[in-house]
Amino acid sequence: MDGNKRLALAGSIAFPGMYGSRPILSNSEAYELIMNVSAGELDDVALVAEQIRAATRSW
């Protein structure tokens with residue numbers, strides 16, 4: 001995973017955290033999500049947002 005993908009993962013962790021949520025993805029689930037987005041296999045913004053929402057829980 002290169003720097004851009006690591007930054008995307010960090011952002012998907014940090015941004016919900018600013019609003020009281022935390023990710024509940026395992027490392028392999030997070031890797032799969034980021035790789036699917038970067039490969040263009042998951043390119044619908046609404047679907048990506050839904051997957052991130054489904055993978056977070058309130059503190």
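Read-outs: derived from the displayed coordinates by stated rules, not from any lab. As the structure is a prediction and not an experimental result, all values here were calculated from the model. Cβ: placed from backbone, ideal geometry, glycine included. Neighbour counts: every protein chain shown.
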* Asked: How far is it, in nm, from the label point at residue 22 to the one at residue 36 when both lie 7 Å from their Cα along the line to the Cβ?
  -> 2.4
* **Paired Rg and Dmax values of the chain, which use every Cα atom, in angstrom** => 10.9, 31
* Using unit Cβ charges (K, R positive; D, E negative) and no other charged atoms, how large, in debye to the nearest 20, is the dipole of the chain about its Cα centre? -> 360
* Asked: Taking the chain, which GluC sites (Glu not before Pro) meet the DSSP loop condition and have no more than 16 other C-beta atoms within 10 Å?
  -> 41
* Under a 5 Å amide H to amide H cut-off, with H placed in plane at 1.01 Å, what residues pair with residue 42 once short-range neighbours are removed? -> 37
* Virtual spin-label span in nm between residue 10 and residue 29, 7 Å along Cα→Cβ -> 2.3
* Asked: Given 18, 47, 35, which one lies farthest toward the positive end of the charge dipole of the chain, if we put +1 on the Cβ of every Lys and Arg and -1 on the Cβ of every Asp and Glu?
  -> 18
